[in-house]
Amino acid sequence: MSASPAIETILLEERRYPPHPDFAAQANAQPEIYEREFEEFWESEGRERVTWFEPFTKLYEWEPPYARWYLGGKLNACFNCVDRHVEAGRGDKVAYHWEGEPEGERRDLTFADLQREVVRLANALKRLGVRKGTPVGIYMGMVPEAPIAMLACARLGAPHTVVFGGFSADSLSGRLQDMECEVLITQDEAWRRGTTVPLKRTADEALADAPSVRNVVVLRRTGGDVPMTGGRDVWWHDVATEDADCPCEPMDAEDLLYLLYTSGTTAKPKGIAHTTAGYLVGVATTHHYIFDVKPDSVYWCAADVGWVTGHSYIVYGPLCNGTTGVLYEGTPDFPDKDRWWSIVERYGVEILYTAPTAIRSHMKWGHEYAERHDLSSLRLLGSVGEPINPEAWVWYHEHVGGGRCPIVDTWWQTETGMILITPLPGITTTKPGSATKPFPGVDAAVYDEDGNEVGPAGGGYLVLRRPWPAMLRGLYREHDRYVETYWSRYPDTYFAGDGARIDEDDDFWLLGRVDDVMNVSGHRISTIEVESALVDHGDVAEAAVAARADVTTGQAIVAYVTLKGGRDGSVEMLEELRNHVARKIGPIAKPANIVFTPELPKTRSGKIMRRLLRDVAENRALGDTTTLADPMVVEEIKTRAATERTDD
Ligand code: PRX
C-alpha cells in the first residue's frame, strides 16, 4: 500500500543526508570555516578573491541602515572577471560554453575572447559618450553578448541595469526612465522555444517613453528584420570593431556597479543598488565555497542574466573566480525535454544550479529524459529562488544527482546580492526542504512580532543582524522607502520579508514571503503591480490579486475582477485581461485564473480583504469574516471561483 502524500512528505523531510567523506576531504570549505571570526574572514577573503589597484584601508563601516565595505580600495570588476585571468596566462581557458537554442549552434568563448569582445564593445560605448557614471540599460536574451555588455559597462565604470528579456515595453521604459539611462544595448530578436521574441521592437516601444536614451546598440542575433532609427540606433557589429587598448577604469570600492529592479509591495519596482568591492568579494567568496568550484570545474547556473542569480552566479562570481561556465539560450524542453541533460553530458557539467520550479517541471516530464544521458560528471547540485519542496529535492538528488551529489539549497535575495543561508558541501548534513545554516559570518535569526528570537517551537520572520559585503546600498533615490521596507520593523535589523523557522538542529526552513510579494516560477511579482495592470484596462472597475499554490510554478496568480457597469465576465474578457497584464508587465505576470465578481470583499472602511481572497484562492476554509461589510460577497466569490477555475 502506498503512503498518502502527506505522510510521504513528512518522511522525506525527516531524511538526513550527511556529507560523503570523500567529498568532505577535498572540499573548499572545511569545518573550521565556521570558527573564523567575522572580520578576519571578510578581510582575508577580500584580499584573496579580488585583485586591487589600491588596497582597502578599512574593512567596513556600519551606520545603520547603510554599510560600506573595503573602504579606500580601488578596483575594477571587469579587470577581476576578465583581464587578470588573461594576464595570468589563462587566456585560453573557456569562460563560457554557449549553446544557442537552435540545435547545433554552439560557441566557446575563452577568457581572451571575452577580453577582446569586451574591449571592442567598451570602445564603441566610449564613442557613444559612455563614461564613468553613465547609466546604461541592457535588454537581451541569453547570448554571450549579454555578459559582454555588462562587463563592458563595468570596464568603463558605467553602471548598468539589465532588464529581463521577458519584460514588456512598459516595464522596460519604467526602468530606463528611473535610472535615466543614456544608452540601451539590445538585440534584434531572441530565440525562445523555436519562435522569436521581438526584443528590438519592444525596445522601440519602450523608448518612446524613455527620452534619456540617445543611442541604441543592437546585436544581430536571429537576423530578423527590425527597424533601425537613424541617428539613434547602431548595429553592434558595425561599432564594436576597435581593438585599441581600453583600460579598466579604477573604481572606488563603493562606486555603483549596477541597479537591478525588483518587485516590492507597490506598483513601482525598487532599484536595488549594488556597489563594486563588497559585491564582488561577496559573490566570489560564496561561489568558491558553496559550489566547491575547482580550477578545472565546469559550472552551469541555468538562470537568466536578467535576474540577480544571473548577475551574481553566471557573471560576476564565477568569472571573478576564473570559472568555466555554461550559457544556454533557450527553454529546457526545446526541441525535446532532455535538452538540459544533453548539455550536461556534452560539456561534462560538474555543478548545476537551478530553481525548484525547473526541477518540478523536469519531475513532471519524467526521469526518463535524464536517463537518456550520461550525467556522471555532476558532483554538486544547487537550488535557488523559492522554498524547494522535499519531493522535488529528493527527485533532484536521485534522478539528476544519481544519489551521490550534495544539494545546496541557497537562500538569498536581489537585495542581499550573495547567498546568505546555505549548506556548505562536505560539511553540512542536509535535509530536503531546509536551506540549513547561515553562511560563515552571517548573523541570521527568526523573530516574532515583538522582536524576540523564536526558538525551535515556532515560526516567525527572518532577520539579519549584521551587515555583509554584498548587501544592497539602498534603493535608488528612495531613502525613505529603503528604511520603511527593510529597517522599520526592528531596530538596526534587516527585515527580509520571508517567514522562517529554525529547528532543533539550528537549521533554517524558509516558509515563503510574508508581504504582498508573490513568487511565480522563482520570479518576484507584487500583487499590487498586477492589480494596477488590471485596473489600467478600460473595462475594469476594481481588481484584487492573490496567489495560490501550484505544483509546478510554486505559486500561481489568481485575480478577482469587478467589471465596470456591473457587466458579467466572459471567456473573451478573461483572455483579454490576461493578455493585458502580459503587455503591461510581461508574460510571467499573467494570472492563471481570473474570477469575475460583482464586488470584492471589503471591510466596513472600504479596505479590500486580501487575506480572504488568499483563502479562496487556496481553497481553504475562510478566516475571520466578521469585519466584512457584506459577508455574502465572499460566498459568491467562492462559488464563482469553484466554477471558473481555469488552470493552465
Ligand atoms: O522569498 C525568498 C525567495 O525568493 C525571494 C528573493 O527573490 P529574488 O530577489 O527575486 O531573488 C531570487 C534569487 C536569489 C526571497 O525573499 N527565495 C530565494 N531563495 C530561496 C527562497 N525561498 C526559500 N528558499 C530559497 N532557497
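The values are calculated or read from the model by the stated rules, or taken from the named source; none is laboratory data. None of these values were measured; they are calculated from a predicted model. Every residue, glycine as well, gets a Cβ built from its backbone with ideal geometry; the counts of neighbours run over all protein chains shown. We work out accessible area using only protein heavy atoms, side chains counted, and drop any ligands, DNA or RNA first. Shrake-Rupley method; radii C 1.70, N 1.55, O 1.52, S 1.80 Å.
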Scope the stretch 263-296; condition open to solvent by less than 10 Å² (accessible area, probe 1.4 Å), out of contact with any Leu (no Cβ under 8 Å at 6 or more places or on another chain) and modelled with pLDDT of 95 or more; matching residues: 278, 281, 282, 283, 284, 285, 286, 287
Odd one out for residue 529, checked against (1) open to solvent by 10 Å² or more (accessible area, probe 1.4 Å); (2) under 23 Å from residue 607 (Cα atoms); (3) of a type outside the set (Val, Ile, Thr); (4) more than 16 Å from the ligand (Cβ to nearest atom): (4)
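Going by what's in this entry, would residue 404 be described as over 18 Å from residue 302 (Cβ atoms), away from the ligand (no atom under 16 Å from the Cβ) and in contact (Cβ under 8 Å) with a residue 60 or more places away in the chain?
On the way: over 18 Å from residue 302 (Cβ atoms): yes; away from the ligand (no atom under 16 Å from the Cβ): yes; in contact (Cβ under 8 Å) with a residue 60 or more places away in the chain: yes.
So residue 404 fits the description; yes.
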Any strands (runs of 3 or more DSSP E) falling wholly within the stretch 441-528 and containing at least 3 residues that are on the phi > 0 side of the Ramachandran plot: none
Filtered residue count, the stretch 297-307, keeping only those that are surrounded by 23 or more Cβ atoms within 10 Å (Cβ to Cβ) and part of a loop (DSSP other than H, G, I, E, B): 1
Considering residues of the stretch 195-248 that are touching a Ser or Thr at 6+ places or on another chain (Cβ under 9 Å) and part of a helix (DSSP H, G or I) only, the residue surrounded by the fewest Cβ atoms within 10 Å (Cβ to Cβ): 205
Those residues of the stretch 599-614 which are open to solvent by 80 Å² or more (accessible area, probe 1.4 Å) and free of Cβ contacts under 8 Å to residues at least 40 places away in the same chain, in sequence order: 599, 604, 605, 607, 611
Only one of 285, 324, 309, 276 that is out of contact with any strand residue (DSSP E or B) (no Cβ under 9 Å at 6 or more places or on another chain) and polar (S, T, N, Q): 285
Check on residue 185, within 19 Å of the chain's Cα centre (by Cα) and either surrounded by fewer than 24 Cβ atoms within 10 Å (Cβ to Cβ) or not in a helix (DSSP H, G or I) (or both): no
Single match in 382, 366 (criterion: within 16 Å of the ligand (Cβ to nearest atom), open to solvent by less than 40 Å² (accessible area, probe 1.4 Å) and assigned by TED's automatic domain parsing to the domain that holds residue 310): 382
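Against the condition in the same structural domain as residue 305 (by TED's automatic domain parsing), within 13 Å of the ligand (Cβ to nearest atom), assigned to a loop (DSSP other than H, G, I, E, B) and crowded, with 22+ Cβ neighbours inside 10 Å, how does residue 410 come out, does it pass? If you could, list the steps in order and put the result at the bottom.
Values: in the same structural domain as residue 305 (by TED's automatic domain parsing): yes; within 13 Å of the ligand (Cβ to nearest atom): yes; assigned to a loop (DSSP other than H, G, I, E, B): no; crowded, with 22+ Cβ neighbours inside 10 Å: yes.
Spelling it out, it is not the case that residue 410 is in the same structural domain as residue 305 (by TED's automatic domain parsing), within 13 Å of the ligand (Cβ to nearest atom), assigned to a loop (DSSP other than H, G, I, E, B) and crowded, with 22+ Cβ neighbours inside 10 Å.
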All positions within the stretch 551-597 that are open to solvent by 20 Å² or more (accessible area, probe 1.4 Å), part of a loop (DSSP other than H, G, I, E, B) and within 16 Å of residue 526 (Cα to Cα): 553, 590
The stretch 615-636 - residue that is in a helix (DSSP H, G or I) and touching a residue at least 24 places away in the same chain (Cβ under 8 Å) and, of those, most open to solvent (accessible area, probe 1.4 Å): 636
Entirely in the stretch 311-382, the helices (runs of 4 or more DSSP H) that have 2 or more residues that are within 25 Å of residue 416 (Cα to Cα) and either within 22 Å of the chain's Cα centre (by Cα) or among the hydrophobic types (A, V, I, L, M, F, W, C) (or both): 317-320, 356-365
Considering residues of the stretch 497-517 that are over 22 Å from residue 530 (Cα atoms) and within 11 Å of the ligand (Cβ to nearest atom) only, the residue modelled with the lowest pLDDT: 511
